[in-house]
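Comments concern the structure below.
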Amino acid sequence: FLAEAYYRAGQVQDGLTAVDEGFAFVEQSHQHGFDAELYRTRGELLRLAGNDAGAEESLRTALGRAQAQQAKSFELRAATGLARLLKDKGRATDGRAVLAPVYEWFVEGHETADLVSARTLLSEIG
């Protein structure tokens with residue numbers, strides 16, 4: 001949560017430090033429930049820092065972890081971040097291919113912030 005707050009404030013280094021601390025806690029405690037969110041947040045921070053390759057790698061890892069855990073909300077957040085990155089890199093079709101199936105899985109809650117964000121991005125992609 002702290003890393004996410006740093007991301008929203010545009011404080012990349014502090015955010016990356018918080019992500020690293022989160023991963024250290026996960027390794028120590030063996031509580032891997034938030035791995036996908038740690039990778040997603042790292043990806044968003046790296047993107048903010050201009051490291052698109054690192055961002056894409058972290059976002060793809062986040063997506064894979066969320067899928068492995070069957071954590072659909074985390075999967076949606078990772079897919080949205082990855083689709084946004086791909087769209088901005090001129091790969092909108094790839095972004096849609098990542099995000100659309102995850103978005104379409106949800107049958108309710110379409111007014112939540114994450115689903116609104118995903119829907120908006122999909123409409124931008126076309």
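None of the figures in this text is laboratory data; all of them are computed from the coordinates on show. A quick note: this is a predicted structure, and the numbers were derived from the prediction, not measured. Positions of Cβ are backbone-derived with ideal geometry, glycine not excepted, and every protein chain shown enters the neighbour counts.
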Paramagnetic reach from Val26 in region 52-66 [backbone N under 17 Å; point 7 Å along Cα→Cβ]:
54-66
Which of these, Val102, Val19, Val116, has the largest mean-square fluctuation under a Gaussian network model of the chain (Cα springs below 10 Å)?
Val116
Hey, got a sec? Which chymotrypsin sites (Phe, Trp or Tyr not before Pro) in region 1-81 land in a DSSP loop and have at most 14 other Cβ atoms within 10 Å?
Phe1
Two-decimal Rg to Rh for region 14-126 - Kirkwood Rh, Cα set
0.98
Per its Cα gyration tensor (rounded if a/c is under 1.5, else prolate when a/b beats b/c, else oblate), region 5-66 is best filed as oblate
Please return the longest stretch of the chain lacking exposed loop sites, where GluC sites (Glu not before Pro) count only if DSSP places them in a loop and at most 16 other Cβ atoms lie within 10 Å.
1-107
With angles folded into 0 to 90 degrees, how steeply does helix 52-69 sit against the dominant principal axis of the chain? Use alpha carbons for both and round to 10.
90
Subtracting the Cα-Cα distance of Trp105 and Gln70 from 0.36 nm times their residue separation yields 11.4 nm
Using only Cα atoms, find the angle between the long axis of helix 113-125 and the longest principal axis of the chain, and express it within 0 to 90 degrees, rounded to the nearest 10.
50
Ellipticity estimate at 222 nm from DSSP helix runs (n ≥ 4, -39,500 (n - 2.57)) divided over the chain, nearest 500:
-26500 deg cm²/dmol
